[in-house]
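Inspection log for the structure reproduced underneath, given as structure tokens.
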Amino acid sequence: MKIIRCKDYDEMSAIAGKLMVDQVKQKPDSILGLATGSTPIGMYKKMIEAYQNGEVSFKDVHTFNLDEYYKIEKTNDQSYYYFMNENLFSHIDIDKNNIDIPNGQADDYQAECERYEKAMADSAGIDIQVLGVGVNGHIGFNEPEENLYEKTHLTALTQSTIEANSRFFASIDLVPTSALTMGMGSIMKAKKILVLISGKSKHDVVTKILGDRMTTQTPVTLLKGHQDVTVIIDDEAYNG
Ligand code: GLP
């Protein structure tokens, strides 16, 4: 794992934004794996700025998102579909047909998981997968468990994730209790992985990433088995 330490959220976002823009400049038809949560928002702002400055075009880029709540309507302002439009897609020149996100309103979740996994398999493969990390070490919605799933699947959210994500909802009762998420195998197939970690609440997770163990109880530690992972960590997350 390559660890990049930085001062704060803004510096993390600037470094990550540049890595993503450089990726697209080098390979205009890149396949980007994208994430939601508060962590990548600053990085998306940098990507939007680079597009607005004429530095980069996203018109040939394809994207796959990590996860989506289940069930949730696309029009719900807490859906990840809505989030991606608000925070990135509606501000850049991406072709809307090139965007794929697990469909949180599909009636048949199994068919949707199979469709999503096949869409990724039929593509040329994700060039770079962006990840935030939950306070319990989850990535996507692969929550700490004895056994993790390989492929895209329906999962129940842990109480700690429901509580952490309730800050975005009017009340905790409105937080969906399930989600569709890429599995660990889907994530590990990405050619490169970029993990963003900011803030004190992630310090325990950082300690585990920097340690010498890999455990399904802290899913992000399994990324140690991938050969091209960059983790950007700000001072608050590093020092606690
Ligand atoms: C959610 C998402 C994850 C994200 C995590 C952390 O649970 N499914 O992909 O990494 O939250 O969110 P934040 O970046 O807001 O701390």
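The values are calculated or read from the model by the stated rules, or taken from the named source; none is laboratory data. Predicted model, so just to flag it, every value in this text is computed and none were measured. Here the Cβ positions follow ideal geometry from the backbone for every residue, glycine too, while neighbour counts run over all protein chains shown. The protein model used for the area step is the full one, side chains on, heavy atoms only, and it has no ligands, DNA or RNA in it. Shrake-Rupley method; radii C 1.70, N 1.55, O 1.52, S 1.80 Å.
The set of residues from segment 192-212 being under 16 Å from the mean Cα position of the chain (by Cα) and not in a helix (DSSP H, G or I) comprises K192, I193, L194, V195, L196, I197, S198.
So, in segment 38-60, of the ones that are small (G, A, S) and more than 16 Å from the ligand (Cβ to nearest atom), which residue ends up least open to solvent (accessible area, probe 1.4 Å)?
A50
Here's a check for you: in segment 189-239, which residue that is open to solvent by less than 10 Å² (accessible area, probe 1.4 Å) and free of Cβ contacts under 8 Å to residues at least 60 places away in the same chain is farthest from the ligand (Cβ to nearest atom)? So, considering only residues that are open to solvent by less than 10 Å² (accessible area, probe 1.4 Å) and free of Cβ contacts under 8 Å to residues at least 60 places away in the same chain, the one farthest from the ligand (Cβ to nearest atom) is V206. In segment 160-171, is there at least one residue being farther than 20 Å from I128 by Cα, basic (K, R) and within 16 Å of the ligand (Cβ to nearest atom)? Looking through segment 160-171, at least one residue is farther than 20 Å from I128 by Cα, basic (K, R) and within 16 Å of the ligand (Cβ to nearest atom).
Restricted to helices (runs of 4 or more DSSP H) entirely inside segment 13-129, those with at least 2 residues that are in contact (Cβ under 8 Å) with a residue 24 or more places away in the chain, among the basic types (K, R) and out of contact with any Asp or Glu (no Cβ under 7 Å at 6 or more places or on another chain) are 41-52. Just one of the listed residues (A35, A16) is closer than 19 Å to E236 by Cβ, modelled with pLDDT of 95 or more, open to solvent by less than 50 Å² (accessible area, probe 1.4 Å) and in contact with a Leu (Cβ under 6 Å, 6 or more places away or on another chain), namely A16.
Here's the yes/no breakdown for (1) within 25 Å of V220 (Cα to Cα); (2) among the hydrophobic types (A, V, I, L, M, F, W, C); (3) more than 13 Å from the chain's Cα centre (by Cα):
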position: R5; (1), (2), (3): yes, no, yes
position: Y9; (1), (2), (3): yes, no, yes
position: S13; (1), (2), (3): yes, no, yes
position: K18; (1), (2), (3): yes, no, yes
position: T39; (1), (2), (3): yes, no, no
position: E49; (1), (2), (3): no, no, yes
position: Q52; (1), (2), (3): no, no, yes
position: F58; (1), (2), (3): no, yes, yes
position: H62; (1), (2), (3): yes, no, yes
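Scanning segment 168-184 for residues that are open to solvent by 50 Å² or more (accessible area, probe 1.4 Å) and over 18 Å from the mean Cα position of the chain (by Cα) turns up A170, I172, D173, L174, T177.
For the residues E86, E68, E11, the requirement of being surrounded by fewer than 16 Cβ atoms within 10 Å (Cβ to Cβ) and on the phi < 0 side of the Ramachandran plot singles out E86.
Out of all the residues in segment 142-155, is one or more outside any strand (DSSP E or B), open to solvent by 80 Å² or more (accessible area, probe 1.4 Å) and within 9 Å of the ligand (Cβ to nearest atom)? Within segment 142-155 (the criterion being outside any strand (DSSP E or B), open to solvent by 80 Å² or more (accessible area, probe 1.4 Å) and within 9 Å of the ligand (Cβ to nearest atom)), the answer is no, since none of the residues qualifies. The numbered conditions (1) of a type outside the set (G, A, S); (2) crowded, with 18+ Cβ neighbours inside 10 Å; (3) more than 11 Å from the ligand (Cβ to nearest atom) are all true for R115 except (2). When I99 is tested against the conditions (1) touching a strand residue (DSSP E or B) at 6+ places or on another chain (Cβ under 8 Å); (2) closer than 24 Å to I209 by Cβ, the lone failure is (2).
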